[in-house]
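The structure follows.
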Amino acid sequence: MVYVLNRIGQPLMPCKEAKARKLLKNHKARVDKREPFTIQLLFDCENRIQDITLGIDAGSKHLGLSATTEQKELYAADVELRSDIVELLSTRRQYRRTRRGRLRYRAPRFCNRVRSRNKGWLAPSVEQKIKTHLRVVNDVCRILPVSKIIVETAAFDVQKIENPDISGEGYQQGSQLDFWNVREYVLWRDNHECQCCHGKSMDKILNVHHIESRKTGGDSPKNLITLCKNCHDQYHMGKINPNLKCREPLRDAAFMGIMRWSFYNRLKNEYLNVSMTYGYITKNTRIQHDLPKEHYTDARCISGNPQAEPLGYYFCQKKVRCHNRQIHKANIQKGGIRKRNQAAYLVKGFRLFDKVRYDNQAGFVFGRRANGYFDLRKLNGEVIHRSASYKKLELLDTRKTLLTERRQAVPLKAKAMSIPA
């Protein structure tokens, strides 16, 4: 299927590959975009369009999209969102505090918190995901004449997930009620016993250990565990490796609760016909039509046309960072030399995340070397070649912040057939 734009860039109904090939051959159209393949007509034509509904399965890690008519699915995509924002900002904060701490006479900073000045401020990790949602919706509306948008958002009761029996005043009385601090609660929760050796070391000094680094894991009781001083010291020296697992984090549930109305209201401000649906309706529709559990399949159910003929493939997309602003590496070499953290923008005419063809395989540049050898991979991490020469590469598309590749969809479940005796 080929997506079509008219002469002034407005979307039309898609056409078949054969018709697009004839238009390009007769110089009546030009290629506008490679993936998904889109052409733009060079002549005036009638703008005949049908009712197209776009279903959006919003999520914290993955986003599903499906544009359908009553008879056929026209677009399907599974978008992988960024999850490295928290770690990158935490690392930057760590370096900033260390740098400012080296200047003892530095003037104090106060009243400069952005969240107190800007109404409706959201954390950068949440804001970035909402903007990615809006961008991919805009990309679909650019190539298809979408007449209606239906979005599924979810609200999770985090306290109910942790304690299914909670009710009434229990919501106001947390697990740390009547405790002086988090440390006292963690020691009481673990019965004042080392969770590694369980008292075998006979060490009476107990420490509260962060299972995941405090930089990204925080000081939540889920991320804390009681260890004796002996086990704690040996763990940090690398002599023991206890299997310490953090309890199931609820970051994704919290994110969905934050972004639910923010994303929906922004969507309504940009588009006219926008409505909301709920997860139990989507699940019921998917089960009734015996469809596989995929993000783009859920989006097709959300669009209200689960019986539409599936496309047979979908576009796998991955959001990557725009650029790296860190100039030097944190480790200072001997003599005070700072090694640059940024590689050359162009290496033998290729950039990071460029889409290239190597040995009849399309992939992306995930690593570069100054001598002209590149690490080529697909979006699922499959390695095409770890050291491919630039002489054997063909540039297909320059880098984008939203990498796209086409994949075969999961086949529908085969219906059981009764064989007569």
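None of the figures in this text is laboratory data; all of them are computed from the coordinates on show. Here the structure is a predicted model, which is why all the values come from computation and not from measurement. Note that each Cβ is placed from the backbone with ideal geometry, even for glycine, and that neighbours are counted across all protein chains shown.
Could you work out how far helix 251-270 tilts from the main Cα principal axis of the chain, as a 0 to 90 degree angle to the nearest 10?
Once rounded, one gets 40 degrees.
Counting DSSP beta bridges in the chain, what percent are antiparallel, to the nearest 5?
Working: 48 of 65 bridges.
Of the beta bridges lying entirely in the chain, close to 75 percent run antiparallel.
Give the separation of the Cα centroids, segment 147-184 to segment 312-387, in Å.
For segment 147-184 versus segment 312-387, the Cα centre distance is 41 Å.
Could I ask something else about it? Near LYS334, which lysines are there with a Cα under 19 Å away, not counting those fewer than 8 places off in the same chain?
Counting by Cα, and skipping residues close in sequence, LYS334 has no lysines nearby.
Charges only on Cβ, +1 for Lys and Arg, -1 for Asp and Glu: so what's the dipole of the chain about the Cα centre, in debye to the nearest 20?
On the way: 79 positive and 42 negative charges, 612 e Å.
Using only the charged Cβ atoms, the result is roughly 2940 debye.
While we're here: As a check on your grasp of the helix formula, calculate [θ] at 222 nm for the chain: sum -39500 (n - 2.57) over DSSP H runs of n ≥ 4, divide by the residue count, round to the nearest 500. Walk me through the numbers on the way to the answer.
Details: 11 runs with 113 residues, N = 421.
My calculation for the chain gives -8000 deg cm²/dmol from helical runs alone.
Additional query: At a Cα cut-off below 21 Å, give the lysines reachable from LYS239, other chains included and same-chain residues fewer than 8 away excluded.
Of all the lysines, those that pass the test against LYS239 - Cα under 21 Å, at least 8 places apart if same chain - are LYS200, LYS204, LYS229.
Tell me which chymotrypsin sites (Phe, Trp or Tyr not before Pro) from segment 83-114 have a DSSP coil assignment and no more than 16 other beta carbons within 10 Å of their own.
Working: sites: TYR95, TYR105, PHE110; in loops: TYR105, PHE110.
Counting only loop positions with at most 16 other Cβ atoms within 10 Å, the chymotrypsin sites (Phe, Trp or Tyr not before Pro) in segment 83-114 are TYR105, PHE110.
If you don't mind, there's one more thing I want to ask. What is the Cα centroid distance between segment 1-64 and segment 251-287, reported in whole angstrom?
Between the Cα centre of segment 1-64 and that of segment 251-287, the gap is 27 Å.
ALA18 versus ARG369, label points 7 Å from Cα toward the beta carbon: distance in nm?
4.8
Also, I was wondering about something else. Taking Rg/Rh (Cα atoms, Kirkwood Rh) straight from the coordinates, which label in (i) 1.03; (ii) 0.98; (iii) 1.00 is the correct one?
Read-out taken from this structure: (i).
Where is the GNM fluctuation largest for the chain (alpha-carbon springs, 10 angstrom cutoff): LYS319, LYS283, LYS245?
LYS245
Anything over 23 Å Cα to Cα? Flag those among LYS160/LYS283; LYS319/LYS378; LYS129/LYS400; LYS339/LYS378, in the order listed. Don't jump to the answer; show the numbers that get you there.
On the way: LYS160/LYS283 21 Å; LYS319/LYS378 14 Å; LYS129/LYS400 17 Å; LYS339/LYS378 30 Å.
Going by Cα-Cα distance, LYS339/LYS378 fall outside the 23 Å limit.
To continue, here is another question. Using alpha carbons only, how many degrees (0 to 90, rounded to 10) separate the axis of helix 124-143 from the longest principal axis of the chain?
10
Roughly how many debye, to the nearest 20, is the charge dipole of segment 25-125 about its Cα centre, given +1 on each Lys and Arg Cβ, -1 on each Asp and Glu Cβ, and no other charges? Write out the running numbers ahead of the final one.
Details: 23 positive and 12 negative charges, 384 e Å.
With only Lys, Arg, Asp and Glu charged at Cβ, the dipole is about 1840 debye.
In the chain, if the dipole is taken from +1 on Lys/Arg beta carbons and -1 on Asp/Glu beta carbons about the Cα centre, which of SER201, GLY372, VAL383 is farthest to the positive end?
It is GLY372, whose Cα lies furthest towards the positive end.
Would you please name the trypsin sites (Lys or Arg not before Pro) within segment 346-381 that are DSSP coil residues with at most 16 other C-beta atoms within 10 Å of their C-beta?
Working: sites: LYS348, ARG351, LYS355, ARG357, ARG368, ARG369, ARG377, LYS378; in loops: LYS348, ARG351, ARG369, LYS378.
In loop regions of segment 346-381 (DSSP not H, G, I, E or B), the sparsely surrounded trypsin sites (Lys or Arg not before Pro) are LYS348, ARG351, ARG369.
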